[in-house]
């Protein structure tokens with residue numbers, strides 16, 4: 001059975017720097033005007049999630065307001081070795097989400113963890 005090693009404690013500081021990892025999180029919230037069913041909310045969420053996954057190869061999930069019929073909160077998560085690359089990628093993802101969804105986007109935020 002192969003052994004795993006912890007990249008954070010193994011090797012020198014230079015090798016840890018080579019293996020730098022940055023996690024980017026895009027949080028988006030929509031208001032679904034006129035929606036009165038969970039089925040309608042699911043349709044909007046499923047369509048948007050499929051489009052984002054297909055175009056950007058990122059993880060996306062509904063994160064809050066699951067019991068609300070008029071609010072949809074999604075988080076997009078991706079990993080890279082460069083914060084600049086993640087910022088560009090998530091900005092393009094945000095632009096596509098604004099264009100692809102007819103619902104009103106009421107909030108968006110980007111966060112980066114493990115930044116250089």
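The values are calculated or read from the model by the stated rules, or taken from the named source; none is laboratory data. From a predicted model like this one, the values you see are computed outputs, not experimental measurements. Cβ placement follows ideal geometry from the backbone for every residue including glycine, while neighbour counts extend to all protein chains displayed.
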Query raised in the report: Between residues in the range 103-116 that are under 16 Å from residue 27 (Cβ atoms) and residues that are part of a loop (DSSP other than H, G, I, E, B) and modelled with pLDDT of 95 or more, which pairs lie under 8 Å by C-beta distance while being six or more apart or on different chains?
Result: none
Report summary line: If we keep only residues of the range 6-32 that are surrounded by 10 or more Cβ atoms within 10 Å (Cβ to Cβ) and part of a loop (DSSP other than H, G, I, E, B), then the residue modelled with the lowest pLDDT is 7
Report summary line: Of the residues in the range 33-50, those that are surrounded by 12 or more Cβ atoms within 10 Å (Cβ to Cβ), more than 14 Å from residue 64 (Cα to Cα) and touching a strand residue (DSSP E or B) at 6+ places or on another chain (Cβ under 8 Å) come to 44, 48, 49
Query raised in the report: Checking residue 95 against (1) modelled with pLDDT of 95 or more; (2) surrounded by 15 or more Cβ atoms within 10 Å (Cβ to Cβ); (3) out of contact with any helix residue (DSSP H, G or I) (no Cβ under 9 Å at 6 or more places or on another chain); (4) part of a helix (DSSP H, G or I), which single condition isn't satisfied?
Result: (2)
Query raised in the report: Regarding residue 54, is this residue in a helix (DSSP H, G or I), free of Cβ contacts under 8 Å to residues at least 24 places away in the same chain and surrounded by fewer than 16 Cβ atoms within 10 Å (Cβ to Cβ)?
Result: yes
Report task. Output yes when any residue across the range 58-71 is within 15 Å of residue 30 (Cβ to Cβ), touching a helix residue (DSSP H, G or I) at 6+ places or on another chain (Cβ under 7 Å) and not in a loop (DSSP other than H, G, I, E, B), and no when none is. Result -> yes
